[in-house]
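In what follows, a single structure is set out as structure tokens and then discussed.
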Ligand code: IPE
Ligand code: IPE
Ligand code: MG
């Protein structure tokens, strides 16, 4: 959860958008470091369903930054074998932004390195509602075709989430010292370890990332057992 771009900019008396732009280098470094140490799935929370509440110039600036960055980085990501995907509702994004993500996904779909999941216009609650609607639609279709009723199980619902083919996260890191999920992977993070980093996102680097991983490695995970 990449947080603190606005505060980074404010400390320097810059526009918030300068903070978001400065955060791109931290994204680059985190992707490279994660891929180097063998992380298989890295999800970056880029824009939440609640972030539309921000001033229009900030929202527009972020959407432009996403499109520009995705187009500029896709070659390097592809060359490193990274597979790019998105979770969230792309249909509400400006066309150029949605297309930049969709074409990166298409272009890298057969890569077998780390999967980079960009959470954009993503909200955990919206995702669960969407999954439940899909479940109901499928259950109805099966019933209409005379099939057995489809029981509503955790696996059945999970199979309709945006993350159907992505394992649950083992570690959730949030920067800027905040300790909340802000609607990120509500279902999937049920047993994730949470690590808070005091660093503002644009200052996040491989050393801080590895410190978070070390903290994760020192945790004892019990999953409700003893
Ligand atoms: C995170 O930084 C980036 C997005 C949510 C898009 P913020 O913009 O939330 O930065 P702060 O929390 O205001 O410092
Ligand atoms: C969460 O950060 C969303 C992203 C990092 C994209 P916010 O800055 O929007 O969250 P709140 O408002 O502090 O909870
Ligand atoms: Mg914030």
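Throughout, read-outs are computed from the coordinates displayed, never taken from laboratory work. Here the structure is a predicted model, which means the values were calculated and not measured. Quick reminder, even Gly has a Cβ in these numbers, built from the backbone with ideal geometry, and neighbours come from all protein chains shown.
Among the residues of the stretch 154-167, those identified as closer than 21 Å to residue 117 by Cα and either touching a helix residue (DSSP H, G or I) at 6+ places or on another chain (Cβ under 9 Å) or within 16 Å of ligand 3 (Cβ to nearest atom) (or both) are 157, 158, 159, 160, 161, 162, 163, 164.
Would you pick out the residues in the stretch 155-193 that are without any contact (Cβ under 8 Å) to a residue 60 or more places away in the chain and more than 27 Å from residue 205 (Cα to Cα)? Within the stretch 155-193, 155, 156, 157, 158, 159, 160, 161, 164, 165 qualify.
Looking across the stretch 1-36 at every residue that is within 21 Å of the chain's Cα centre (by Cα) and farther than 21 Å from residue 48 by Cα, the one that is farthest from ligand 1 (Cβ to nearest atom) is identified as 36. Considering the stretch 39-65, the residues that are in contact (Cβ under 8 Å) with a residue 40 or more places away in the chain and farther than 17 Å from residue 88 by Cα include one that is nearest to ligand 3 (Cβ to nearest atom), namely 58.
Here's a check for you: in the stretch 175-191, which residue that is away from ligand 2 (no atom under 12 Å from the Cβ) and touching a helix residue (DSSP H, G or I) at 6+ places or on another chain (Cβ under 9 Å) is nearest to residue 124 (Cα to Cα)? The qualifying residue nearest to residue 124 (Cα to Cα) is 186.
Note on the stretch 192-207: residues that are farther than 22 Å from residue 122 by Cβ, more than 16 Å from ligand 1 (Cβ to nearest atom) and surrounded by 14 or more Cβ atoms within 10 Å (Cβ to Cβ) total 2. A count restricted to the stretch 98-117 and to residues that are under 22 Å from residue 183 (Cβ atoms) and either surrounded by 21 or more Cβ atoms within 10 Å (Cβ to Cβ) or in contact (Cβ under 8 Å) with a residue 12 or more places away in the chain (or both) stands at 4.
Here residue 69 does not fit the description of being within 16 Å of ligand 2 (Cβ to nearest atom), outside any loop (DSSP other than H, G, I, E, B) and in contact with a strand residue (DSSP E or B) (Cβ under 7 Å, 6 or more places away or on another chain). Within the stretch 1-38, being touching a residue at least 60 places away in the same chain (Cβ under 8 Å), within 17 Å of residue 66 (Cβ to Cβ) and either surrounded by fewer than 19 Cβ atoms within 10 Å (Cβ to Cβ) or away from ligand 3 (no atom under 16 Å from the Cβ) (or both) holds for 22, 25, 30, 31. Which numbered condition trips up residue 120, out of (1) part of a helix (DSSP H, G or I); (2) within 18 Å of residue 46 (Cα to Cα); (3) in contact (Cβ under 8 Å) with a residue 40 or more places away in the chain? Checking residue 120 against (1) part of a helix (DSSP H, G or I); (2) within 18 Å of residue 46 (Cα to Cα); (3) in contact (Cβ under 8 Å) with a residue 40 or more places away in the chain, the one that fails is (1).
Scanning the stretch 124-153 for residues that are touching a helix residue (DSSP H, G or I) at 6+ places or on another chain (Cβ under 7 Å) and outside any helix (DSSP H, G or I) returns 149, 150, 152.
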